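Visitor: One structure, pasted below without further comment.
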Amino acid sequence: MTTTLFDHMKMTQQFIGDQNQARIAPDNLKRYVNRGRRKIASQCQCIRIKSSISGQILSWTVNTQGSNYSASPVLNITPPDFPSGQLPFPNGDQAVASAVVVGGHITSINNSYGGYGYFQPQMTIIDPTGSGATAVPVVSFVLTLNRGQEVYPFSSVDLTEFPGVASVYGVRGVSIIYANYRYSLPMYSFSTYQAMIRQYPFQYQYVPTFCSQYGQGTLGSLYVYPLPSQTYQMEWDMQCLPQDLTDDQSVEIIQSPWDELPPYWAASMAYQELQNLNASKYYLDLYNKLAVDYSGEARIGRVVNPYGRY
């Protein structure tokens, strides 16, 4: 069952003996709960997301309308060019669209079904009488390296496909798709990257083989070198912060068991407001103990290979 803002608020009020909301204003309590959720996400590192290498077709933009088209031209969309291996369609799924024809011109295209597993789809329009129409797709966000671009801010990552996630505050690793091969970049400190790697400002472009993080927190950026010579798909293994819970319809992205922790942090903050520092310390200590316990219990030990070989 999904934890709601009401659940967090109710438990916190029980901890501080304020079920009638007479001691702490509800808006203050809500702020303490959300501060606690951000603390949990960063301390326990429990919101970890991988960017997508492909997506769905969201819409089509008609560049040229052509002429003399019949009422029902055939729109052939290329098959999924980069199946992601993820559910619900690990092998991708074919997109479907239909044309709107007015006076022999294709004025717009209805995106009947966006499919799955698309990176650079194309459309061919077939009609016995018409010709000249062209359309380009709008695909859901795929993180890409762009020609000549070295710097990629965390804030540029579109997180709309992950409801409840607010921002990226750290990148664990970076992989690049090159010629149907995925490889990971070594990540150096920015001091080393600055002094020993990025010697040529813009003259040298190729497939990036190094990266570095510059800055910390949500305003950080990722640098890659050499500068990309063309567009390549890129995967980030990201640590993220949650969106604030504003009501009971807000998505709680912090999963079990860590979703039990916000009331302990919020109770500690509430007791600070009430100037009861002993009770505040008590709940802060409880929070820290449970945070360590839950993280240790969730991250079970593994034997990489029981046969002793890689």
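Visitor: For Asp81, which sequence-distant residues (separation of 5 or more, or a different chain) have an amide H within less than 5 Å of its own amide H, given hydrogens modelled in the peptide plane?
Guide: Correct list: Phe119, Gln120.
Visitor: Go through the stretch 110-116 residue by residue and turn each phi into a ³J(HN,Hα) via Karplus (6.51, -1.76, 1.60, θ = phi - 60°); whole Hz please, and just put x for glycine and proline.
Guide: Whole-Hz 3J(HN,Hα) from phi for the stretch 110-116: 7, 8, 4, 7, x, x, 9.
Visitor: For Gln45 and Val100, what is the calculated FRET efficiency with R₀ set at 35 Å and r taken between the beta-carbons, to the nearest 0.05? Each step should come with its number before you reach the end.
Guide: Details: r = 48 Å, r/R0 = 1.38.
Result of the calculation: an efficiency of 0.15.
Visitor: While we're here: So what is the relative contact order of the stretch 143-241, in percent, for Cα pairs below 8 Å that sit 6 or more residues apart? Provide the component values of the computation, followed by the final result.
Guide: Numbers: 208 pairs, mean separation 45.0, N = 99.
Relative contact order comes out at 45 percent.
Visitor: About the Cα centre of the chain, what is the dipole size in debye to 20, counting +1 per Lys and Arg Cβ and -1 per Asp and Glu Cβ, all else neutral?
Guide: Using Cβ point charges on Lys, Arg, Asp and Glu, the chain gives about 840 debye.
Visitor: Compute the distance in nm between two label points, each set 7 Å from the Cα along the Cα-to-Cβ direction, one at Leu219 and one at Asp244.
Guide: That separation, rounded to one decimal, is 1.9 nm.
Visitor: Could I ask something else about it? Apply the Karplus parameterisation 6.51 cos²θ - 1.76 cosθ + 1.60, with θ equal to phi minus 60°, to every residue of the stretch 28-37 and state each ³J(HN,Hα) to the nearest whole Hz, in sequence, with x for glycine and proline.
Guide: Once θ is set to phi - 60°, the couplings for the stretch 28-37 become 5, 5, 4, 5, 5, 4, 6, 4, x, 5 Hz.
Visitor: Could you list the chymotrypsin sites (Phe, Trp or Tyr not before Pro) in the stretch 1-61 that lie in coil according to DSSP, counting only those with at most 11 other Cβ atoms within 10 Å of their Cβ?
Guide: Numbers: sites: Phe6, Phe15, Tyr32, Trp60; in loops: none.
The qualifying sites: there are none.
Visitor: So, in nm, how far is label Ser72 from label Met196 when the simple model puts each one 7 Å beyond its Cα toward the Cβ?
Guide: Rounded to a tenth, the inter-label distance reads 6.6 nm.
Visitor: Ok, one more. Rounded, prolate or oblate: which fits the stretch 57-139 when a ≥ b ≥ c are the square roots of the eigenvalues of the alpha-carbon gyration tensor, with rounded for a/c under 1.5 and prolate only if a/b beats b/c?
Guide: On the way: a/c = 2.70, a/b = 2.57, b/c = 1.05.
In terms of gyration-tensor shape, prolate.
Visitor: Round to a whole angstrom and tell me the spacing of the C-alpha centers of the stretch 66-98 and the stretch 173-234.
Guide: Using only Cα atoms, the two centres lie 33 Å from each other.
Visitor: Neighbour counts of other C-beta atoms within 10 Å: give me Val207, Val174 arranged from fewest to most.
Guide: Working: Val207 15, Val174 26.
Least to most surrounded, the residues fall as Val207, Val174.
Visitor: Turning to a different aspect of this structure: Just tell me the longest site-free run in the chain, where the sites are trypsin sites (Lys or Arg not before Pro) in a DSSP loop having at most 10 other beta-carbon atoms within 10 Å. Show your work: numbers first, answer last.
Guide: Details: sites that count: Arg299, Arg302, Arg309.
The answer is 1-298.
Visitor: If each residue's Cβ is checked for other Cβ atoms within 10 Å, how do Ser52, Ser131, Ser268 rank with the fewest at the top?
Guide: Working: Ser52 21, Ser131 12, Ser268 25.
Result, fewest neighbours first: Ser131, Ser52, Ser268.
Visitor: Can you pull the one-decimal nm distance between simple spin-label points at Ser108 and Ser155, each 7 Å off the Cα toward Cβ?
Guide: Placing both labels 7 Å along Cα→Cβ, they lie 3.3 nm apart.
Visitor: Hey, another quick one. Which residue, Ile47, Asn68, Asn20, has the largest displacement toward the positive end of the dipole of the chain when charges sit on each Cβ (Lys, Arg +1; Asp, Glu -1)?
Guide: The residue sitting most towards the positive pole is Ile47.
Visitor: For the stretch 73-85, in order, what is each residue's ³J(HN,Hα) by Karplus, 6.51 cos²θ - 1.76 cosθ + 1.60 with θ = phi - 60°, in whole Hz (x at glycine and Pro)?
Guide: After applying 6.51 cos²θ - 1.76 cosθ + 1.60, I find x, 8, 9, 9, 9, 4, x, x, 9, 8, x, 8, x Hz.
Visitor: When the chain is fully extended, how far beyond the present Cα-Cα distance does Phe89 get from Leu277, taking 0.36 nm per residue of separation?
Guide: Details: separation 188, 0.36 × 188 = 67.68 nm, distance 5.31 nm.
Result: 62.4 nm gained on full extension.
Visitor: Where a Cα-Cα gap under 19 Å defines reach, which lysines qualify for Lys289, not counting those fewer than 8 residues away within the same chain?
Guide: Here the lysines satisfying the reach criterion relative to Lys289 are Lys39, Lys281.
Visitor: Once fully extended, how much extra length lies between Val304 and Arg172, figured as 0.36 nm per residue of separation less the alpha-carbon to alpha-carbon distance?
Guide: Extending this stretch completely gives an extra 45.5 nm.
Visitor: Give me, ordered by chain and number, the residues 5 or more places off Gly220 or on other chains with an amide H under 5 Å from its own placed amide H.
Guide: Phe154
Visitor: List the residues whose amide H sits under 5 Å from the amide H of Tyr169, counting only those 5 or more places along or on another chain, with H placed 1.01 Å from N in the peptide plane.
Guide: The answer is Gln239, Cys240, Leu241.
Visitor: Among (i) 207; (ii) 137; (iii) 255, which is the computed volume of the Cα convex hull per residue in Å³?
Guide: Entry (i).
Visitor: Under 11 Å from the 7 Å Cα→Cβ point of Ser229, by amide nitrogen: which residues of the stretch 52-68?
Guide: The answer is none.
Only the coordinates and a few stated rules stand behind these numbers; no lab work does. Because the structure is a prediction, the values reported are computed rather than measured. Virtual Cβ from ideal backbone geometry, glycine too; neighbours counted across all protein chains shown.
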